[in-house]
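Have a look at the structure below, then the notes.
The values are calculated or read from the model by the stated rules, or taken from the named source; none is laboratory data. Just so it is clear, the model here is predicted, and its values are computed rather than measured. FYI the Cβ positions are ideal-geometry reconstructions off the backbone, even for glycines, and counts take in every protein chain you see.
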Amino acid sequence: MVSNPHSHPNLGRNAFPTYAQLSRAALAHNLACVRSNAPGANVVAMIKSNAYGHGMLEMADELATLGITSFGVATLSEGVTLRRHGCKGEIILFGGASWLAQADALLKYELTPIITHLEELETLRSVAGQSDCSVHLGIDTAMARLGVYWEAGLEAAFGPYVQFFKQNPHIQLQALATHFARADETHAQDQCDAQLKRFAEVVRHFVSEGVVPQRISVSNSSGILRGYGKYPPGLKEHQFRIKLDVRPGLMLYGVESRAEMKVTPLQLLLHWRAPIVARKRVKQGQPVSYGGTHICQKDTEIAVIGAGYGDGVPRLLSDRGQVFVNGKSAPILGRVCMDLFMVDVTDWVDANDADAVALGQSVTLLGDEHEQATPAHWARLAQTIPYEILTGITARVPRVWGDDHQPVPPPLA
């Protein structure tokens, strides 16, 4: 049994659809933190997977104004979209050999792949003819993922690549790259050092053979925060002839990959808001949402929030998460639905502050107003990592710029 919806003087006043507000000031601050931890390094801004949910094109434009000239994406489609958008900088593909059947697009759109197999280089040679192009060569030093596997031995593993670059000087080795497997773990220094040692041996082998990359690329966000944004030990012999790349991703967006790694004061870039689209008083004993997993223990004022798992709110937040109204939490009741979920706003109504939870008022899903509104907290509740929370925010959530934390009307198209 439910009562009739209440009427409010603020009815519909701020009834904007759900949207994610992005802070230019936070982005500039986080990039400055990257640069202070990686002085002199070339910053490759990782904007793959829609810039970790922040909007690839929006981030590319703003980062370019901040002096970034290298961008990292995963797929050929992302690279082409970015180039067609007008990006003038270097675009590096980090997603493996998924471009093989469309190799001509790499040349047409001047995209730089990270190579794992000799077959990829041979495909490029057949398509490029004598046209110049650049590649990065990935070195797998621990991940068993992408990159030439180091354990086969230097000559056996890398000799064919050395010979290829000598015989095909128009295909330039722009960089040698590797990737830390455990840099986000506090007690993984030995593993990181072992990877660096293997990578240094590979770099030394190429240099000794006269195939000298212009850059070496090692550190993601966790590596930068661990101290590898400066020229790492074991590689310093090359620092005056080979430039260092760093590849910040999560760090740019103001999120530490692990709580104990908080050594740099980052600022959360994204604030996700959604409107109250319905409100009602329900009686004690009333079940809420699909399956009736929540039973109201008292008469309860419920606000229905205009976002759901179709927007990226994890279903695992059902009966566990909360939203925030003016810094105060309102717990989620029952299961998160595709487009909606319900929260308890009884405290506001009972305190004669019903306007704060009036129809159309905006609530905070993610933001910096409370620790429990952060991607890291959501990740703990949803048994995942902040990366998945952010990349899960779907395309129907508009991204808009605004630095004053006040509701900003999203575009309609």
In segment 79-98, which residues are surrounded by 16 or more Cβ atoms within 10 Å (Cβ to Cβ) and part of a helix (DSSP H, G or I)?
79, 80, 81, 82, 83
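Conditions tested, residue by residue: (1) crowded, with 17+ Cβ neighbours inside 10 Å; (2) under 30 Å from the mean Cα position of the chain (by Cα).
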{"residue": "161", "(1), (2)": "yes, no"}
{"residue": "175", "(1), (2)": "yes, yes"}
{"residue": "179", "(1), (2)": "yes, yes"}
{"residue": "192", "(1), (2)": "yes, yes"}
{"residue": "210", "(1), (2)": "no, no"}
{"residue": "227", "(1), (2)": "no, yes"}
{"residue": "240", "(1), (2)": "no, no"}
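For every residue, the table says whether it meets (1) over 30 Å from residue 358 (Cβ atoms); (2) modelled with pLDDT of 95 or more; (3) out of contact with any Lys or Arg (no Cβ under 8 Å at 6 or more places or on another chain); (4) buried (at least 22 other Cβ atoms within 10 Å of the Cβ).
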site: 11; (1), (2), (3), (4): no, no, yes, no
site: 28; (1), (2), (3), (4): yes, yes, yes, no
site: 61; (1), (2), (3), (4): yes, yes, yes, no
site: 71; (1), (2), (3), (4): yes, yes, yes, yes
Exactly one of 76, 121 is within 19 Å of residue 217 (Cβ to Cβ) and either touching a strand residue (DSSP E or B) at 6+ places or on another chain (Cβ under 6 Å) or buried (at least 18 other Cβ atoms within 10 Å of the Cβ) (or both), and that residue is 121
Enumerate the strands (runs of 3 or more DSSP E) found wholly within segment 235-330, keeping only those where 1 or more residues are over 21 Å from residue 222 (Cβ atoms) and β-branched (Val, Ile, Thr).
270-282, 300-305, 322-325
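The rows are residues; the columns are (1) in a strand (DSSP E or B); (2) surrounded by fewer than 21 Cβ atoms within 10 Å (Cβ to Cβ); (3) at pLDDT 95 or above.
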{"site": "339", "(1), (2), (3)": "no, yes, yes"}
{"site": "343", "(1), (2), (3)": "yes, no, yes"}
{"site": "360", "(1), (2), (3)": "no, yes, no"}
{"site": "365", "(1), (2), (3)": "yes, no, yes"}
{"site": "376", "(1), (2), (3)": "no, yes, no"}
{"site": "390", "(1), (2), (3)": "no, no, yes"}
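To keep it simple, each residue is scored yes or no on (1) surrounded by fewer than 21 Cβ atoms within 10 Å (Cβ to Cβ); (2) modelled with pLDDT of 95 or more.
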position	(1), (2)
261	yes, no
264	yes, no
267	yes, no
272	no, yes
278	yes, yes
285	yes, yes
289	yes, yes
295	yes, yes
303	no, yes
Go through segment 124-141 and report how many residues are surrounded by fewer than 20 Cβ atoms within 10 Å (Cβ to Cβ) and either in a helix (DSSP H, G or I) or within 25 Å of the chain's Cα centre (by Cα) (or both).
4
Hey, among 295, 224, 276, which residue is without any contact (Cβ under 8 Å) to a residue 60 or more places away in the chain and among the aliphatic types (A, V, I, L, M)?
295
